[in-house]
Amino acid sequence: MPLTAPGRAQAGRPAGKAGARRVATVTFAAQGMSVAAVYTTVPAVTEHLRLAPLLTTALMVTVALMAGAGSFLGLAAIRVAGPVSTMRGALLTAAVALMLIGWAPGRATAVCAYVLFGIAVGALDVGINTRAAAIERVHGRSIFGSFYTAWSVGGVVAALLTAAAARLEWPVADGLTVQAGILLIVAACVRTHTLPTAGEPSEPPEPSEPSDTSVQSPLGRRMWARLLPFGLVLLVVYVVDSTVSAWSAVYLRQTLAASLTVAPMAYAAYQAGTVVGRAATDRLVQRFGAVAVVRTASLLVAGALAGMAAAPGWLFAVLAAGTVGLGASVLAPLCLAAAARLRPDASETVLARLNLFNYAGVVTGGAVSGLLGSTGEFRLAYAAPAALAVLLLAAGRHFSRPAGRERRAHEAEVGS
């Protein structure tokens, strides 16, 4: 397969890593907005449809399970249509799902809408991370943190839109329709930019670029072992993330007696903390190294979760949620970037595997927190992950793996 010369576009496609980075950044923001729109409207949807607490928990777990399935559908779509087309299709599907959630006339329609959203966000996740890994390789330095900063900004915007809609006493359908409209605009603006190449393909080929998949070596039996440290970190991160994201609004509403206007503020604070943390991630890694950043972030998360569990009122809980976001924010992008470097020629498959840990954490955190919350024990739901966060300290050393060792490990896999 002929390689595209650096700086030149294929037919009908603009060239340039700057344009590709802009598209990926906006898409990350849209994904963050869609997830926040779903999580921050849980109290309003629950009250509107009169859902039982256990059914609400089941819905949040279902979203995570469907996202796991969606990531493998996204992997298949990438192989057929490429990552950019996968991103565009997933955004359109997520927008439809948001409108269905808002306008659902009954529980059955709501369940179907949440299932559709989970599939869409899972496909979007693997598509956008595959594209981001390719863009980072072209830049030759750590930029994953900037993408996840955009994700968090989108989450903050969505949470504030939810709070504003509640303040204006809009029906939940109107607020979700506005946010779905934003996703549709982003999907319409997504374009494919041809990335420069430096001796190897920087992304899975688009449909107009058929590839000989027979020349791509298999991942090998050792890949699961090499992914395990990053997978465990990602699992714990998403236990924490789902506990705060999916249930913070309900926690403020039910346990701390906050209004529907105030309830989304913990999620907004959490995402605001992630904006700050992720904006600083790349510089912190360059200055102090990934190991020190991971270990410091782990301690910060543990302390902030304990503070959230003991919060005497909603304001304290909001501040603690922001601190959790500050610490947890750096861990996911560092995991994804490190895993993608293990096999640059098959990053989409590696990331799909890693996503299993992601969604296992979301399911575990969402289910346990929801079950504890339904029995009135939301405080324990935030105390328990604090202990798990300390376990991340042991995994920190794996983030300093030299490139030479990665190359030798890959050669050993191929030869085995």
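The values are calculated or read from the model by the stated rules, or taken from the named source; none is laboratory data. Worth saying up front: this structure is predicted, and the values here are computed from it rather than measured. Neighbour counts are summed over all protein chains in view; Cβ atoms, including those assigned to glycine, are modelled from backbone coordinates with ideal geometry.
Key figures for this structure:
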{"item": "Residue match in segment 243-258 (condition: crowded, with 19+ Cβ neighbours inside 10 Å, assigned to a helix (DSSP H, G or I), of a type in the set (Lys, Arg) and at pLDDT below 85)", "result": "no"}
{"item": "Set Arg137, Arg131: member being out of contact with any strand residue (DSSP E or B) (no Cβ under 6 Å at 6 or more places or on another chain), of a type in the set (Lys, Arg) and within 14 Å of Ala352 (Cβ to Cβ)", "result": "Arg131"}
{"item": "Residue identified as touching a Leu at 6+ places or on another chain (Cβ under 8 Å), hydrophobic (A, V, I, L, M, F, W, C) and modelled with pLDDT under 90 among Leu51, Leu75, Leu98, Leu124", "result": "Leu51"}
{"item": "Any chance Thr261 is more than 16 Å from Pro312 (Cα to Cα) and buried (at least 24 other Cβ atoms within 10 Å of the Cβ)", "result": "no"}
{"item": "Matching residues in segment 264-283 - criterion: being buried (at least 19 other Cβ atoms within 10 Å of the Cβ) and closer than 15 Å to Phe144 by Cα", "result": "Thr274, Val275, Gly277, Arg278, Thr281, Asp282"}
{"item": "Single match in Asp125, Asp174 (criterion: surrounded by fewer than 19 Cβ atoms within 10 Å (Cβ to Cβ) and in contact with a Gly (Cβ under 8 Å, 6 or more places away or on another chain))", "result": "Asp174"}
{"item": "Cβ pairs under 6 Å, 6+ apart, first in segment 123-146 and farther than 17 Å from Ala81 by Cβ and touching a residue at least 60 places away in the same chain (Cβ under 8 Å), second of a type in the set (A, V, I, L, M, F, W, C) and surrounded by fewer than 23 Cβ atoms within 10 Å (Cβ to Cβ)", "result": "Glu136/Ile143"}
{"item": "Meets criteria (of a type in the set (A, V, I, L, M) and in contact with a Ser or Thr (Cβ under 9 Å, 6 or more places away or on another chain)) for Ala120", "result": "yes"}
{"item": "Residues of segment 370-391 that turn out to be under 19 Å from the mean Cα position of the chain (by Cα) and either among the charged types (D, E, K, R) or modelled with pLDDT of 80 or more (or both), as a count", "result": "1"}
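Residue-by-condition table, conditions (1) surrounded by 18 or more Cβ atoms within 10 Å (Cβ to Cβ); (2) touching a strand residue (DSSP E or B) at 6+ places or on another chain (Cβ under 6 Å); (3) touching a residue at least 60 places away in the same chain (Cβ under 8 Å); (4) of a type in the set (Lys, Arg):
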| site | (1), (2), (3), (4) |
| --- | --- |
| Ala304 | yes, no, no, no |
| Leu315 | no, no, no, no |
| Val330 | yes, no, yes, no |
| Ser374 | no, no, yes, no |
| Phe378 | yes, no, yes, no |
| Ala395 | yes, no, yes, no |
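Okay, residues lined up against (1) under 30 Å from Ala257 (Cβ atoms); (2) touching a helix residue (DSSP H, G or I) at 6+ places or on another chain (Cβ under 9 Å); (3) charged (D, E, K, R):
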| position | (1), (2), (3) |
| --- | --- |
| Gly325 | yes, yes, no |
| Leu331 | no, yes, no |
| Tyr359 | no, yes, no |
| Val363 | yes, yes, no |
| Arg379 | yes, yes, yes |
